[in-house]
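Here, each number is a calculation from the coordinates, and none is a lab measurement. Owing to the predicted nature of the structure, the values given are computational and were not obtained by experimental measurement. Heads up, the Cβs are rebuilt from the backbone with ideal geometry, glycines too, and the neighbour counts pull from every protein chain shown.
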Amino acid sequence: MINVAAEAGADFVKFQTFKADKLVTKMAEKAEYQKFFTESNESQFKMIKRVELNRTAHKKLIKHCKDKGIRFLSTPFDHDSIDFLAELNIPLYKIPSGEITNLPHLRHIGRMGKPIIMSTGMATLQEVQTALNVLVESGIEKNHVTILQCNTEYPTPMEDVNLN
């Protein structure tokens, strides 16, 4: 992925940083779309655990990004992952749509003092405004937050695109 992104002229390549045991319980069932695209008999935990990147993998990916002249970016899903990415000195944070109402998560990212890209899929305008206010109150300058108008259904039906 890094090689292809660099060859295509991308500025960043984005990964996800998380600990599976902090996201789901070991017995959690997969969502229907996850069952459709993966082995339906494994738990959501096992599926997520398979793609969890450890610390060594992160460092190797960052080095490979540097070697290819592309910047590394990762979306953290828990406080330990936010702190770990801070140790790696990432240039900015990406907040996924599903965490836009997780105010402790937003505050923790905001305290890192780095620019932020925030996705808004399924969020109301009020939830987006609240998230932005929480980030600013945590120390981020408003002009250091990029808000992405997103959706969470792929492919998105045209009537749900919500761009005017």
Label-point gap, in nm, between Asn3 and Lys26 - each point 7 angstrom along Cα→Cβ: 3.8
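So for His79, His108, fewest C-beta neighbours within 10 Å to most, what's the order? Numbers along the way, then the final one.
Details: His79 15, His108 19.
The most exposed by this proxy come first: His79, His108.
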CD proxy at 222 nm, helix term only [per DSSP H run n ≥ 4: -39500 (n - 2.57); per residue of the chain; nearest 500]: -11500 deg cm²/dmol
Of (i) 54, 24, 12; (ii) 27, 17, 16; (iii) 24, 23, 18, the label for semi-axes √(5λ) of the Cα gyration tensor in Å derived from the coordinates: (iii)
DSSP beta bridge pairing in the chain, given as percent antiparallel to the nearest 5: 0
Relative contact order (percent, whole number), the chain, Cα cutoff 8 Å, 6+ residue spacing: 19
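Test of the criteria: in segment 80-164, which trypsin sites (Lys or Arg not before Pro) are in a DSSP loop and have at most 14 other Cβ atoms within 10 angstrom of their Cβ?
Passing sites in segment 80-164 are Arg111.
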Förster-model FRET efficiency, 41 Å R0, Glu127 and Ala57, C-beta, rounded to 0.05: 0.80
Pairs from Lys22/Lys46; Lys63/Lys142; Lys19/Lys114; Lys22/Lys142; Lys19/Lys59; Lys14/Lys114 whose Cα-Cα separation, in the structure shown, is over 24 Å: Lys63/Lys142; Lys22/Lys142
Separation between Cα centres of segment 75-95 and segment 1-65, rounded to whole Å: 15
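Classify segment 1-91 as rounded, prolate or oblate from the Cα gyration tensor: take a ≥ b ≥ c as the square roots of its eigenvalues, call it rounded if a/c is under 1.5, otherwise prolate when a/b beats b/c and oblate if not.
Verdict is oblate for segment 1-91.
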Assigned charges on the beta-carbon of Lys, Arg, Asp, Glu; the chain dipole about Cα centre (debye): 740
